[in-house]
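Each remark here refers to the structure printed beneath this line.
The values are calculated or read from the model by the stated rules, or taken from the named source; none is laboratory data. In this text the structure is predicted, and so the values were computed from the model without any measurement. Ideal geometry is used to build each Cβ from the backbone, glycine not excepted, and the neighbour counts take in all protein chains shown. For accessibility, only protein heavy atoms count, side chains too; no ligands or nucleic acids. Shrake-Rupley method; radii C 1.70, N 1.55, O 1.52, S 1.80 Å.
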Amino acid sequence: TQFANMKTEIEQIDSQIQAIQDVLDAEARAASAVGQIQNQLNVSADQAQAVRDLDRQMFAAWAREGREGLNAEMARVQDQRLLAARNEMTTLTGAGGGFVVAPEFSRQLLEAMQQLGSVRQVATILRTQSGAPLSMPTTDATNEEGEIIPENAPASDEDATFGSASLGTYKFSSKVVTVPFELLQDSAIDLEGHIRGRLERRLSRVTERHFLLGTGTNQPHGLLTMAKVGAVGKTGTADRLTYEQMLYLKHAVDPAYRASKACRWMFNDRTLLGLKLLKDETGRPLWLPGLALGAPDTIDADPFVINQFMPDVGAGKKPLLYGDMSQYTVRDVMQMMLFRFSDSAYTRKGQVGFLAWMRCGGNLLDVGGAVQAFECAAS
């Protein structure tokens, strides 16, 4: 009875904690930004703050008035960044009117996307300055074993078998974000924060969907697409999950991976609702709220992440993932371009358009079955 009464209260407290944490995270990002600039340029804290202030002023001036809004110093800095971007990214050659956002802008956007995206939260993040294809090594050491030998006898050889997996990047668009003249003209509005927030949500959703469901053909290799099927439901259970099914999936993952702190479940919120009603053979609920400070909620003692792009429970669907998801690598190209549109199509509506381009990719760099999927029965 106590457990049932605590559920609603715990969810309300979680929401309050998250709201407070969001504010603290924003303050921490601002302090971290100055520190990163200071370390990168080897300057004092005051000089680093001045660089950050200039970046924000440049962005606001460009967003409100375009290239004409930049003073001589701002234009010089922007020209240097654009030249460097074009040297690194051949796809930008000849792109006129683009604004190369400051590294700080890109970093904050990517960090926020990590909070919004479930795959990003659990994956290994690799950030590069250019988007050149990378060939990443893969190996399976789960069956490797040493030996016992007699005295003075030579040791045997067992070379690890290495493979490779491609970790390319793909170009993602935010679609055009429109901002009314009123916001552009109001100096009290944090234009950088407003525009970045909308870009975060749009780019996070499109990349998250591909990081989970991507086919690998002209798009990233998705985590669910690449995961092996570790367990299949029995006929007659296509519309529900059972404790037995979850155990089969969990134990399909090698104990070497299960011992990792990165091992967890992934499913959507509707599946979570069903799992909250499941009990083990002793009648204890599988879902247990994290009551200790900083402790996560768990399913069968393992943490979980909610990903709304995961399929619902249903015939032939794969509603559950389990395993060491840090074996999935997300690659981000730090250089980002933002374009401003003020032609008649927008002017007639009293708006200015902004369009961001970013490049990223992802792949499951594992051949040992670190992540396994549960597939519902066909009927």
**Request:** Within the range 338-362, count every residue that is touching a residue at least 40 places away in the same chain (Cβ under 8 Å) and either open to solvent by less than 10 Å² (accessible area, probe 1.4 Å) or outside any strand (DSSP E or B) (or both).
**Result:** 13
**Fill in**
In the range 122-140, residues that are surrounded by fewer than 18 Cβ atoms within 10 Å (Cβ to Cβ) and within 29 Å of Phe267 (Cα to Cα) total 9
**Prompt:** Restricting to the range 103-135, what's the tally of residues that are farther than 17 Å from Lys171 by Cα, aliphatic (A, V, I, L, M) and out of contact with any Lys or Arg (no Cβ under 9 Å at 6 or more places or on another chain)?
**Reply:** 2
**Message:** Just to check your reading of the model, which residue among Asp297, Asp324, Asp343 is in contact with a Pro (Cβ under 9 Å, 6 or more places away or on another chain) and among the acidic types (Asp, Glu)?
**Reply:** Asp297
**Fill in**
Going through the range 180-212 in order, the residues found to be within 30 Å of Leu224 (Cβ to Cβ) and open to solvent by 70 Å² or more (accessible area, probe 1.4 Å) are Arg201, Arg202, Arg205, Arg209
**Prompt:** Among the candidates Thr207, Thr169, Thr215, which residue alone is under 19 Å from Ser326 (Cβ atoms) and within 19 Å of the chain's Cα centre (by Cα)?
**Reply:** Thr207
**Prompt:** Is there a residue in the range 62-69 that is within 28 Å of the chain's Cα centre (by Cα), in contact (Cβ under 8 Å) with a residue 60 or more places away in the chain and either open to solvent by less than 60 Å² (accessible area, probe 1.4 Å) or under 23 Å from Ser130 (Cα atoms) (or both)?
**Reply:** yes
**Asked** Given the structure, is Ala33 at pLDDT below 75 and either closer than 27 Å to Ser187 by Cβ or not in a helix (DSSP H, G or I) (or both)?
**Response** yes
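Residue-by-condition table, conditions (1) under 17 Å from Ala377 (Cα atoms); (2) surrounded by 15 or more Cβ atoms within 10 Å (Cβ to Cβ); (3) of a type outside the set (D, E, K, R):
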position	(1), (2), (3)
Lys234	yes, no, no
Glu244	yes, no, no
His251	no, no, yes
Asp297	no, yes, no
Ala315	yes, no, yes
Asp324	no, yes, no
Met336	no, yes, yes
**Request:** Would you tally the residues in the range 37-61 being open to solvent by 70 Å² or more (accessible area, probe 1.4 Å) and at pLDDT 85 or above?
**Result:** 1
**Prompt:** Out of all the residues in the range 78-100, is one or more assigned to a loop (DSSP other than H, G, I, E, B), at pLDDT below 80, open to solvent by 50 Å² or more (accessible area, probe 1.4 Å) and farther than 19 Å from Gly353 by Cα?
**Reply:** yes
**Request:** Filter the strands (runs of 3 or more DSSP E) completely within the range 108-206 down to those with at least 1 residues that are modelled with pLDDT under 85.
**Result:** 134-139, 162-167
**Request:** Among the candidates Gly230, Gly274, single out the residue that is modelled with pLDDT of 85 or more and either in a helix (DSSP H, G or I) or of a type in the set (D, E, K, R) (or both).
**Result:** Gly274
**Enumeration of residues in the range 213-225 that are open to solvent by 80 Å² or more (accessible area, probe 1.4 Å) and either in contact (Cβ under 8 Å) with a residue 24 or more places away in the chain or not polar (S, T, N, Q) (or both)** = Asn218
